[in-house]
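This report concerns only the one structure given below.
The values are calculated or read from the model by the stated rules, or taken from the named source; none is laboratory data. All values reported here derive from a predicted model rather than from experimental measurement. Cβ: placed from backbone, ideal geometry, glycine included. Neighbour counts: every protein chain shown.
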């Protein structure tokens, strides 16, 4: 430990001295985004005292009341009842062996394999709060406490360090082991260090900013940073036992913790907030967060910074990627429809309803509105700067212009119209795009219109959204009805008929390879150099994503959508789509049409419906990590099973749904899952959903394999679940039964499909049929029904009329059956309330044609509770059958339908006042058998009671 | 004579309904479209129909987006949503977007005609599934996404909350009472019940307008 680098040190001393004179920069016009995990997100309490992360990616958050585990989406809380020694969690530490250490105000617990164990000895020996738990490189555990010194456990015995054997104080906040085997301790009476011979102390006399030392952070092999109640002190280890303390005195800072992140930035958790020094060589103190006491700061595996607060929970800092501007920070309106920055760094923000905001580089702001200027309308569509450095504003009611030194002007001779877009052609010539009248070429010098192009001249629509010229001089006009390309005098049009996938064009951009990109409601399309089209439909969870903006930057396409900013490399075959969302700091997930500006430093300015975000697309320090994937449970036959259970399913009832999640500290909705049923699925499937359903598999053993793909495209390791489908007792599943009895044609369609693909694919298709194909079949049947109606309106023989009537009824019946199937498969209808509504809808519909009165008695204490799809379907169909029977056979005048609680189960009753069950021996039909079968599936008991009418009673029903 | 327009991309269904309605003495139905965009173009220059039957799933702009646009510019046009299935979520969304009612496409032609007449007489119908959604919507506070302060204030406007009477009707529907039973219970006619329902839909639309402002930026306004 010989001190050598003298010059380095003097330089450092010098630079740190500068900090004292540095002014503190507070960002007042901008908002730094944070993601909060607090009470609303499920945190057990909002006073956060410690944060760490385990190897799976879970964030562990210790609060004054309860320990919390966060997987990116959900918080699970743990308390004394789960095996913790106390509910007041003061420290969390995850060691290299995969053990989580939890320090409380009364002892320490370890957590391994989902189990807490009290770390023996600590509960009786240590009656004071734990400040720090850390492993020495030799494997022993060191526990620093508030009031009972430091405990050292080598696996056999506890050794106590306190004032009796030389520690300056019994309250120790931090411990650090350096490479020279010196043990450093932050105490209430200075920094203590032990070099193997004796404990020595650095205190105020040596220049420490305060005796109350709270954190020790290594800076280099030669120095460390002491955070104290009165600032930060740099400690140099020079000479054998001599120490120079250089004070970086700052009266403001009551430091709780200092942390150096992986980019060498210094974060200071402090009593008034969170501070940062970006470059230790050019130190400037920046205030990041000042709402409340910040107790601790932590960098997770992805390089993201988290900090714990007193009262506001745990927060994730998102300011590296995004800086936001909202109405709270001075925007005149939240809907930012256009943004432009001049060479002089003056930022113009056009809003939809609040006029224009001018932001000077010094932060000075000026708002132009109709009430205080000659602005034509407060609703701005587009802002550009022309070659003479004039700013043009296209508004909903004309065009304005601004020149520095002159101010805002109107352009008198332009017709009144809604102006969507301005494109400068040359010094004096501008294409103006209007809402009603196509586009026209404005000569600004002569103040005349030189050329007009409307539908008369062949424009595809007069409702123009965007006009851009490509480098070859052709003009591209995007409208609500397609694209017009103008090349000299000729106009070429592109719309749905010529193969566009969507015709509402919102943005146009010429790519570097010369192709023209079009953003529309379904994603992107590009017209390639060779005249062919490529389409890039964007989708998220089955819904198309509308593209409002498209740009090419840094080898990627950047698309502004209604699910944030989307980035992908279109040159790759299966490009990874990366989302930048509101959960990650973007001010809103919904961007506005054309509202983007890329400034000279490469920042994106993005206009959204809730404000403006400045975004750094070149986040070079992002660490790409995988998201651990977990199978949460497998739902089968109404039961929830753990993933590790081996599940056996009856052949005739083998629907199951696998629920899974991934652990991430980023936006959980951007995690994609990749899965297959081994030996059955030919290919991997991908989804952004957190569950997948299988139904009607052939008998056999299946292994479900699942991986996650993080937002950065990193694939996780696989997890597995095993499902066995037992051989069949009988073969007709409910679906096929229904379909066959309903319509042969439909069965034929499905059977035909079965022949051409493997059975698993058919099952997937079966589910999809419910969503997609059903629409087609449903439409055809609807056509049939309407056609039958239509024919009946002609004068025809009664016989034909009757046949037509039957045909129509039959088609409608099948559509209704399919409606039931669609309903039962749709996961949005998963509550008890949805079920009773559906029953009512059905009953009301069928009874409206009769004189029967129906009364409902639903005890809906838990109408919001979710029930399994199978249960829902079976209960619904039992009701349907029973009501149908009552209508057809009972001759009743009243029906009472009730669903009520009985101990742990429910009772469903359909009671009529008709003639009851027919005499035994008569055919009772399929109906009753069907109901019995369904009851059996529900594991409930079904009775038919024939007494002054018929009562169908289902007991022991578990909803 | 009332004019009916149809926006429906399935040509056969569209033609069948059109021919039937056009044959009715009280209606004319000649202008039909396969997407929202050409319909909007037509409205700019031509007369406006009284009622539009519109499919939810349309190519290009979907029916719900399209409805927002049409209602924002031409609030007097009554729109009836067409859907193949009773998908209460989509139906509710379209009511929020300004629909005066909805019809299952396989409803028989005479019943379609009847529904149009109900709407023309200022009434609407509501199923229990929709009634429950309406109830949840109006009982939960802050039912509009926080977009702008103006929108929030508009939202607090008492005029747009349900009256006691309307609430009673919705609760009655959730309880599964028929219109007749509700009418009997409240001592009002069937038409009055339907008129109340129409007014509930109108409030639903007004309260959801905050969304219209922002989203329609993509298209109109």
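Here residue B:102 clears all of (1) touching a residue at least 24 places away in the same chain (Cβ under 8 Å); (2) part of a strand (DSSP E or B) except the condition numbered (1). Screening A:565, A:612, A:586, A:618 for residues that are out of contact with any strand residue (DSSP E or B) (no Cβ under 7 Å at 6 or more places or on another chain), touching a residue at least 24 places away in the same chain (Cβ under 8 Å) and more than 14 Å from chain B (Cβ to nearest Cβ) leaves exactly one candidate, A:618. Of the residues making up region B:114-160, those that are more than 13 Å from chain A (Cβ to nearest Cβ) and at pLDDT 75 or above are B:115, B:116, B:117, B:118, B:119, B:120, B:121, B:122, B:123, B:124, B:137, B:138. Got at least one residue in region A:792-802 being surrounded by 17 or more Cβ atoms within 10 Å (Cβ to Cβ) and either more than 7 Å from chain B (Cβ to nearest Cβ) or outside any helix (DSSP H, G or I) (or both)? Yes, there is a match, as at least one residue in region A:792-802 is surrounded by 17 or more Cβ atoms within 10 Å (Cβ to Cβ) and either more than 7 Å from chain B (Cβ to nearest Cβ) or outside any helix (DSSP H, G or I) (or both). Yes or no: region A:315-329 includes at least one residue that is within 14 Å of chain B (Cβ to nearest Cβ) and free of Cβ contacts under 8 Å to residues at least 40 places away in the same chain. No; the residues of region A:315-329 include none that is within 14 Å of chain B (Cβ to nearest Cβ) and free of Cβ contacts under 8 Å to residues at least 40 places away in the same chain.
Among the residues of region B:176-185, the ones that are touching a residue at least 24 places away in the same chain (Cβ under 8 Å) and facing chain A (nearest Cβ under 9 Å) come to 1 in all. Inside region A:872-905, residues that are closer than 17 Å to residue A:840 by Cβ and not in a helix (DSSP H, G or I) make up a count of 7.
Counted as qualifying within region B:1-85 are the helices (runs of 4 or more DSSP H) with 1 or more residues that are farther than 23 Å from residue B:107 by Cβ and more than 8 Å from chain A (Cβ to nearest Cβ), namely B:36-45, B:63-73. Within region B:1-23, the set of residues being touching a strand residue (DSSP E or B) at 6+ places or on another chain (Cβ under 9 Å), crowded, with 17+ Cβ neighbours inside 10 Å, closer than 22 Å to residue A:784 by Cα and in contact (Cβ under 8 Å) with a residue 24 or more places away in the chain comprises B:5, B:6, B:7, B:8, B:10, B:13, B:17, B:21. Selection of region B:92-103 for residues being within 14 Å of chain A (Cβ to nearest Cβ) and buried (at least 23 other Cβ atoms within 10 Å of the Cβ) yields only B:102. Looking only at region B:117-130, residues that are crowded, with 24+ Cβ neighbours inside 10 Å and over 11 Å from the mean Cα position of the chain (by Cα) come to 3 in all.
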